[in-house]
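To start, the structure itself, in structure tokens.
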Amino acid sequence: MPDVGDRVRVDSTKVGEAPRDGVVTSVIGQLLRIKWSTGEESTMVPGSGSLTVVGRAKVSSGRKASASVKTAPKKRPVEKTAAKKRPAKKTVAKKRPVKKTAVKKRPAKKTVAKKRPVKKTAKKTSP
């Protein structure tokens, strides 16, 4: 992992383009802030093999350059405790669904066809 002040190079993803060179200005965890040789700045999390350290930062007065690096706070290791046995779950008998009984149908009422009254017609008499 590069430190603050390291010179880095990122190869281009397109054929024929020149690689980008820059200097790491800050490191926070895996996040790198890089000032490129073109004057631009970028923040990136490099993938494995995507960033090459070209030159290391100079170490002065016996202190490492990484001392000025801001790192993410480390998580405390979790203390392992003896595994507690969980009480067995009480199994409750499931209620059976209520069976539906067939409802007796009443016999349908028979409908009697009503007779139509017959119209009486007067007989025609011949003259």
THR38: passes all of (1) at pLDDT 85 or above; (2) of a type in the set (Val, Ile, Thr); (3) surrounded by 12 or more Cβ atoms within 10 Å (Cβ to Cβ) but (3)
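Conditions tested, residue by residue: (1) assigned to a loop (DSSP other than H, G, I, E, B); (2) surrounded by 10 or more Cβ atoms within 10 Å (Cβ to Cβ); (3) at pLDDT 70 or above.
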residue: ASP21; (1), (2), (3): no, yes, yes
residue: THR25; (1), (2), (3): no, yes, yes
residue: PRO46; (1), (2), (3): yes, yes, yes
residue: THR52; (1), (2), (3): no, yes, yes
residue: ARG76; (1), (2), (3): yes, no, no
residue: LYS90; (1), (2), (3): yes, no, yes
residue: PRO97; (1), (2), (3): yes, no, yes
Name the residue, out of THR38, THR13, that is within 31 Å of the chain's Cα centre (by Cα), in a loop (DSSP other than H, G, I, E, B) and among the β-branched types (Val, Ile, Thr). THR13
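The values are calculated or read from the model by the stated rules, or taken from the named source; none is laboratory data. Please read all numbers here as calculations on a predicted model, not as lab measurements. Reconstructed Cβ throughout: ideal geometry from the backbone, glycine too, with neighbour counts over all protein chains shown.
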